[in-house]
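Data first, discussion second: the structure below is written as structure tokens.
The values are calculated or read from the model by the stated rules, or taken from the named source; none is laboratory data. Being a predicted model, the structure only gives us computed values, none of them experimental. Reconstructed Cβ throughout: ideal geometry from the backbone, glycine too, with neighbour counts over all protein chains shown. Surface accessibility is based on the protein's heavy atoms, side chains included, excluding ligands, DNA and RNA. Shrake-Rupley method; radii C 1.70, N 1.55, O 1.52, S 1.80 Å.
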Amino acid sequence: MAEHAEHAAYPVGLRLSGRRVVVFGGGQVAQRRLPSLVAAGADVLLISPSAKPSVEAMADTGEIRWERRRYAPGDLADAWYALISTDDPEANAAASQEAEDRRVWCVRSDDAEAATAWTPATGRSEGVTVAVLTGRDPRRSAAVRDAIVEGLRDGTLAAPHHRARATGVALVGGGPGDPDLITVRGRRLLAEADVVIADRLGPRDLLAELPPHVEVIDAAKIPYGRFMAQEAINNALIEHARAGKSVVRLKGGDPYVFGRGMEELQALAEAGIPCTVVPGISSSISVPSAAGIPVTHRGVAQEFTVVSGHVAPDDERSTVDWSALARLRGTLVVLMGVENSGAIAATLIAHGRGADTPVAVVQEGTTAAQRRVDATLGTLGETVRAEGVRPPAVIVIGEVVAVNPTD
């Protein structure tokens, strides 16, 4: 190997399923490499007098076979691949020579130049295996590997499917507004989409990153015709999915937290359209957090309740038991409640919640336009009007509003 060291290594993917792999040494190298060999389906034989507890556990569970002894000539008979990582230089050299004689590809942790194979820095994301070799600089290999895998996971590195690509719909929770707060899976699905139907409360900045061929549809501008708004959105999802497109329904927050996600899922199921639901970070907890408000705090609030305020308390359509909420001592988080904030506050006070209860209203939380307005339950409606608070905003009611980092 040394005389050919100036040549670049030839990369290849070994299919080791059911094939014998022999590992010499049960230390840290084996601890790091064995899981990948097991995941590849290899028939792994470990030869070592001792092993780290995690390696021993793999033998105890039957993932690998372990012979508690040192290397002996003939150990590589019928082997396809060998990993040598003992602390005995003579045994390493002897095993390496046997591998050379038997034409078994061999990795050596103690002497890369004497090996016939090098282990790349590897990572996996959604069926893609990334393997990076940078010669004798393993840290650089790992850094390049990490950058590629992270890009594939968060969608910043576009690698769309060109063969057996699944079509259907993904209901993706985009989080509270900051594009960095969408989940890794959600961002990846966006990068692979043909059509994106987006709510105005979704992370709009992500739409600018989509490739030019992606059709972006504003859900608020879908023609309703004889359909209600939600029915029209459902029909648009079905239409594009049936056309063989990969569709992402991008929502603000989480699809199932006042997002009507289940209605869309039911419509898709009735139409026979496969659907994936990707949870998102709900504004009910993330927006207060971004404004410095913990929805629970030891000794202050042991529970928090999330409620929609889009229907006024005295509206016959309301299903919220406001009198019960007024009796709770914990935190009350109201979403979509700006317009009815005064009526909500008055109802809570009428049913026993103190008028001096601290309240914070956080507008456009987690975005560059975020602002926090503080009030009390008794002054909430007046403060919202005076300060010109507009949706989207989260109203937080309870003693946690007054908690600060020095408490």
Once Asp356 and Asp315 are pulled to full extension, the length gained, defined as 0.36 nm per residue separation minus their Cα-Cα distance, is 12.2 nm
Could you work out how far helix 341-350 tilts from the main Cα principal axis of the chain, as a 0 to 90 degree angle to the nearest 10? 80
Residue-span extension gain [Ile222 to Thr296] - 0.36 nm each, minus C-alpha spacing: 22.7 nm
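Given the convex hull of the Cα atoms of segment 28-157, what is a quarter of its surface area in nm²?
Numbers: hull surface 34.9 nm².
So the mean shadow area of the Cα hull is 8.7 nm².
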Run the numbers for Glu303 and Ala131: contour at 0.36 nm per residue of separation, minus the present Cα-Cα distance, in nm. 57.2 nm
Mind putting a number on the dipole of segment 297-407 about its Cα centre? Charges go on the C-beta only, +1 for Lys and Arg and -1 for Asp and Glu, and I need it in Debye to the nearest 20. 180
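Rank these residues by their accessible area, most exposed first, probe 1.4 Å: Phe24, Phe258. The partial results should precede the final answer.
Numbers: Phe24 5, Phe258 100 Å².
I get Phe258, Phe24, largest accessible area first.
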Which whole-Hz ³J(HN,Hα) couplings does segment 381-388 yield from phi under the Karplus relation 6.51 cos²θ - 1.76 cosθ + 1.60, θ = phi - 60°, glycine and proline marked x? x, 4, 5, 4, 5, 5, 8, x
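Leaving out ligands and nucleic acids, and using a 1.4 Å probe, what accessible area per residue does the chain come to in Å²? The partial results should precede the final answer.
Details: 21890 Å² over 407 residues.
Accessible area per residue: 54 Å².
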Just the accessible area for Leu157, please: 1.4 Å probe, Å², rounded to the nearest 10? 80
Inter-label distance, nm, simple model (7 Å from Cα along the C-beta direction), Lys52/Glu150: 2.4
Env charge @ Asp60, Cβ radius under 14 Å, K,R +1 / D,E -1, value +1
In whole angstrom, and with the biggest value first, how far do the Cα coordinates of the chain range along each principal axis? 87, 54, 37
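How much of the accessible area of segment 239-278, in percent, comes from carbon and sulfur atoms when a 1.4 Å probe is used?
Numbers: 930 of 1890 Å².
C and S atoms contribute 50 percent here.
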Estimated FRET transfer efficiency when R0 is 51 angstrom, pair Arg139-Thr406 (beta carbons, to 0.05): 0.80
Please work out the C-alpha center-to-center distance from segment 28-56 to segment 332-348 and express it in whole Å. 59
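Can you give the FRET efficiency for Ser36 and Ala269, using 1/(1 + (r/R0)^6), R0 = 35 Å, r = Cβ-Cβ distance, to the nearest 0.05?
On the way: r = 38 Å, r/R0 = 1.08.
The value I calculate is 0.40.
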Glu63 paired with Arg102, simple spin-label distance in nm, labels 7 Å along Cα-to-beta-carbon: 2.4
